[in-house]
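The values are calculated or read from the model by the stated rules, or taken from the named source; none is laboratory data. The shown structure was predicted, so the numbers you read here are calculated from the model rather than taken from an experiment. Here the Cβ positions follow ideal geometry from the backbone for every residue, glycine too, while neighbour counts run over all protein chains shown.
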């Protein structure tokens, strides 16, 4: 009796995860889906694809994933590449694999394609997914209001449901359908969002959406950010949130084309910063003229390896305008490190040390070793040798498992020997 009871338990244990159909062709997959009234899930993979193997090993084998997908989908794996080890089943799929790759523009692997029971594509995504993320993908693939291609088809036929257009635009953007994303986003922004009452418009999700799809100073989203910067910053709890967007567009339209042209010419001509500043001030204002010209100078002098001008303008930019509240410690540490590497100016190094101290104060614990190493190096360059060595020793003792511990140890050795921890410019 124990043996009889145990048999189904063993079978169930062996059948955990997604049950992919084998030794059948595409038409048979469709026939099975129709007969069982299920959607179709296609895993497009390649033999050389590491994320594909990770999905196979870590996600497809999970009971939670199998329970959902086996109940909702007929699942099949289709190999997109060819190899000498391919068996007869894989070879038999070659024509369908090529057709699917071409028809559905499979360029990233793994790609996940979802079809209706009749074989009509309804949804897709790509890239490695964690358990909950992949389960949500499967759930969305069976929901008419979440299926990318279903929503897109309705939109193209003039059926505009503004409650889902933000989702449609963001999904198109994530999938790399940029032209569709921009088209839908412009419609959603110009014909819906901008007309909302302030109490509805000024919400984080709406502001993030508008920001994502600002590409030109002629767009209403840009005007919205330009005209309401302080209010937007307050809602997003970031004093630089709107300014960074506006700066990005001004650089793109007014400055970057000129800098790229000068670089391509391989000439010794330098940008006419004063003329550029006057043009931007006239179109926008003096604040953005100063801000964007500083950013342009940072790029230009870094590219030209003119380090004195580079660090001088970097210090001006950070001290005048700060850094984004998003990843603030990361940005402050990076700026401090750049000054350490390229400046011998004591005043600039003092400012870098101030930024480094701020970065450590707001950093997540997992990031502190690198941030403290920056701090120690700046102190060392400023002549605070004992303090620098003490910090470096503390980093190593408390973070012996850190992957950068070898670099920390090398820095400590150089500090003890009195050698530079920075390369000559």
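State all residues of the stretch 375-421 that are touching a residue at least 40 places away in the same chain (Cβ under 8 Å) and closer than 19 Å to residue 355 by Cα; if no residue qualifies, say none. Across the stretch 375-421, the qualifying residues are 377, 378, 380, 381.
Annotation note: of 148, 167, the sole residue that is touching a helix residue (DSSP H, G or I) at 6+ places or on another chain (Cβ under 6 Å) and either without any contact (Cβ under 8 Å) to a residue 12 or more places away in the chain or not assigned by TED's automatic domain parsing to the domain that holds residue 38 (or both) is 148.
Within the stretch 46-89, count every residue that is modelled with pLDDT of 95 or more and either within 17 Å of residue 29 (Cα to Cα) or in contact with a strand residue (DSSP E or B) (Cβ under 6 Å, 6 or more places away or on another chain) (or both). Adding up the residues that qualify gives 13.
Check the stretch 284-291 and report whether any residue there is crowded, with 19+ Cβ neighbours inside 10 Å, under 26 Å from the mean Cα position of the chain (by Cα) and farther than 30 Å from residue 184 by Cα. Among the residues of the stretch 284-291, at least one is crowded, with 19+ Cβ neighbours inside 10 Å, under 26 Å from the mean Cα position of the chain (by Cα) and farther than 30 Å from residue 184 by Cα, which makes the answer yes.
Could we say that residue 109 is buried (at least 16 other Cβ atoms within 10 Å of the Cβ), closer than 27 Å to residue 57 by Cα and either under 27 Å from the mean Cα position of the chain (by Cα) or at pLDDT 95 or above (or both) here? So residue 109 passes the test.
Only a single criterion out of (1) assigned to a loop (DSSP other than H, G, I, E, B); (2) at pLDDT 95 or above is not satisfied by residue 326, namely (2). If the condition is being without any contact (Cβ under 8 Å) to a residue 24 or more places away in the chain and either assigned to a helix (DSSP H, G or I) or under 15 Å from residue 206 (Cβ atoms) (or both), then the stretch 175-188 contributes 178, 179, 183. Pairing residues of the stretch 338-365 that are in contact (Cβ under 8 Å) with a residue 60 or more places away in the chain with residues that are buried (at least 19 other Cβ atoms within 10 Å of the Cβ), at Cβ distances under 8 Å and at least 6 apart in sequence or on separate chains, gives 340/349; 340/352; 340/374; 340/377; 340/378; 340/381; 342/310; 342/311. Among 263, 250, which is surrounded by fewer than 16 Cβ atoms within 10 Å (Cβ to Cβ) and touching a residue at least 40 places away in the same chain (Cβ under 8 Å)? Of 263, 250, the one residue that is surrounded by fewer than 16 Cβ atoms within 10 Å (Cβ to Cβ) and touching a residue at least 40 places away in the same chain (Cβ under 8 Å) is 263. Inside the stretch 13-28, residues that are surrounded by 13 or more Cβ atoms within 10 Å (Cβ to Cβ) and in contact (Cβ under 8 Å) with a residue 60 or more places away in the chain make up a count of 2. Does any residue of the stretch 266-275 turn out to be touching a helix residue (DSSP H, G or I) at 6+ places or on another chain (Cβ under 8 Å) and buried (at least 17 other Cβ atoms within 10 Å of the Cβ)? No: the stretch 266-275 contains no residue that is touching a helix residue (DSSP H, G or I) at 6+ places or on another chain (Cβ under 8 Å) and buried (at least 17 other Cβ atoms within 10 Å of the Cβ). Among residues of the stretch 1-23 being out of contact with any strand residue (DSSP E or B) (no Cβ under 8 Å at 6 or more places or on another chain) and in a loop (DSSP other than H, G, I, E, B), the one that is modelled with the lowest pLDDT is 1.
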